[in-house]
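**Q** Before I ask anything, let me first share the structure, which is written out below as structure tokens.
The values are calculated or read from the model by the stated rules, or taken from the named source; none is laboratory data. On a predicted model such as this, the values are computed, not experimentally measured, just so you know. So basically every Cβ, Gly included, is an ideal-geometry build from the backbone, and we count neighbours across all protein chains shown.
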Amino acid sequence: MPLLLVAACGPGKSVYVYRSDATVAEADKVVFDCRVAAARNVPSDTQVYSTPAWSTPVYTDCASNRGRTSCVTSGGFTMGGDVHSYDANSGLRAEYFRRCVEAAGFSLATLPNCPKDAVPPGLRQQLSGQLRPPQPEACIVQVTAEGANLARPDELVQKR
């Protein structure tokens with residue numbers, strides 16, 4: 001699961017892990033190590049539930065015409081009863097992750113993701129070194145499996 005899935009920040013936003021003296025490779029290692037630690041120390045607690053089920057009443061309508069009777073039965077449809085599941089520990093695991101990253105001296109900032117089609121060829125390579133400080137106009141570019149860096153608007157391909 002890449003860094004972009006670390007926290008639910010809404011559509012198009014992700015968590016950027018930053019420390020002023022760190023590289024993308026160091027952030028990648030910290031994010032990976034903290035994700036593993038969070039998974040190990042806060043295991044999944046899957047809860048399963050179902051929505052209430054109900055059925056429409058069954059009724060029959062009959063009509064006679066010239067000595068012939070015809071009947072139509074309708075209803076009896078069952079609705080609901082859907083089964084859902086969720087991980088009751090997901091919030092606790094996210095908090096563990098956040099604290100682990102901060103204990104390693106990194107901070108977390110929520111910023112928009114760069115549109116994939118706006119990242120020009122070669123930009124990921126340029127962003128693979130030193131982490132850039134969070135800036136309001138910047139967006140996140142995934143550089144490694146777990147590490148990301150920031151791109152400025154002037155570095156992106158502008159759509160017409």
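**Q** Look at ARG66 and say whether it is at pLDDT below 95 and out of contact with any strand residue (DSSP E or B) (no Cβ under 8 Å at 6 or more places or on another chain).
**A** Taking the combined requirement at face value, the residue satisfies it.
**Q** Among the residues of the range 45-75, count how many are among the β-branched types (Val, Ile, Thr) and surrounded by 10 or more Cβ atoms within 10 Å (Cβ to Cβ). Write out each step before concluding.
**A** Here is the first cut: in the range 45-75, the ones among the β-branched types (Val, Ile, Thr) are 46, 48, 51, 56, 58, 60, 69, 72-73.
Subsequent filtering for residues that are surrounded by 10 or more Cβ atoms within 10 Å (Cβ to Cβ) retains 46, 51, 56, 58, 73.
Qualifying residue count, the range 45-75: 5.
**Q** State yes or no: is ASP45 acidic (Asp, Glu) and within 30 Å of ARG99 (Cα to Cα)?
**A** Numbers: acidic (Asp, Glu): yes; within 30 Å of ARG99 (Cα to Cα): yes.
Judged against the criteria, ASP45 is a match.
**Q** Based on this model, can you work out whether LEU131 counts as farther than 15 Å from SER14 by Cβ and assigned by TED's automatic domain parsing to the domain that holds ASP33?
**A** Criteria not met by LEU131.
**Q** Do we have any residue at all in the range 10-31 that's modelled with pLDDT under 90 and closer than 30 Å to GLU102 by Cα?
**A** Restricting attention to the range 10-31, the residues satisfying the condition of being modelled with pLDDT under 90 are 10-11.
Filter once more, keeping what is closer than 30 Å to GLU102 by Cα: 10-11.
Yes: one or more hits.
**Q** On the given criteria, is ARG98 assigned by TED's automatic domain parsing to the domain that holds SER20, touching a helix residue (DSSP H, G or I) at 6+ places or on another chain (Cβ under 6 Å) and of a type in the set (Lys, Arg)? Give the derivation first.
**A** On the way: assigned by TED's automatic domain parsing to the domain that holds SER20: yes; touching a helix residue (DSSP H, G or I) at 6+ places or on another chain (Cβ under 6 Å): no; of a type in the set (Lys, Arg): yes.
Taking the combined requirement at face value, the residue does not satisfy it.
**Q** Okay, moving on. Would you check which residues across the range 76-126 are among the β-branched types (Val, Ile, Thr) and either over 16 Å from the mean Cα position of the chain (by Cα) or exposed (fewer than 11 other Cβ atoms within 10 Å of the Cβ) (or both) and list them? Write out each step before concluding.
**A** First, the residues of the range 76-126 that are among the β-branched types (Val, Ile, Thr): 78, 83, 101, 110, 119.
Across the range 76-126, the qualifying residues are THR78, VAL83, VAL101, VAL119.
**Q** How about the range 75-103: which of its residues are in a helix (DSSP H, G or I) and either over 26 Å from ALA151 (Cβ atoms) or at pLDDT below 95 (or both)?
**A** Of all residues in the range 75-103, those in a helix (DSSP H, G or I) come to 90-103.
Within the range 75-103, SER90, GLY91, LEU92, ARG93, GLU95, TYR96, ARG99, CYS100, ALA103 qualify.
**Q** Condition check: buried (at least 16 other Cβ atoms within 10 Å of the Cβ) and touching a Lys or Arg at 6+ places or on another chain (Cβ under 6 Å). Does VAL42 satisfy that? Don't jump to the end; show me each part of the working.
**A** Working: buried (at least 16 other Cβ atoms within 10 Å of the Cβ): yes; touching a Lys or Arg at 6+ places or on another chain (Cβ under 6 Å): yes.
In short, yes.
**Q** Let me ask something else about it. Quick one: which of VAL157, VAL72 is over 22 Å from the mean Cα position of the chain (by Cα) and assigned to a strand (DSSP E or B)?
**A** VAL72
**Q** Quickly run through the range 104-126 and pick out the residues that are assigned to a loop (DSSP other than H, G, I, E, B) and touching a residue at least 60 places away in the same chain (Cβ under 8 Å).
**A** Those that are assigned to a loop (DSSP other than H, G, I, E, B) and touching a residue at least 60 places away in the same chain (Cβ under 8 Å): ALA104, GLY105, PHE106.
**Q** I'm trying to understand the selection: among the residues of the range 23-67, which are touching a residue at least 24 places away in the same chain (Cβ under 8 Å) and part of a loop (DSSP other than H, G, I, E, B)?
**A** Scanning the range 23-67 gives VAL42, PRO43, SER44, ASP45, THR51, PRO52.
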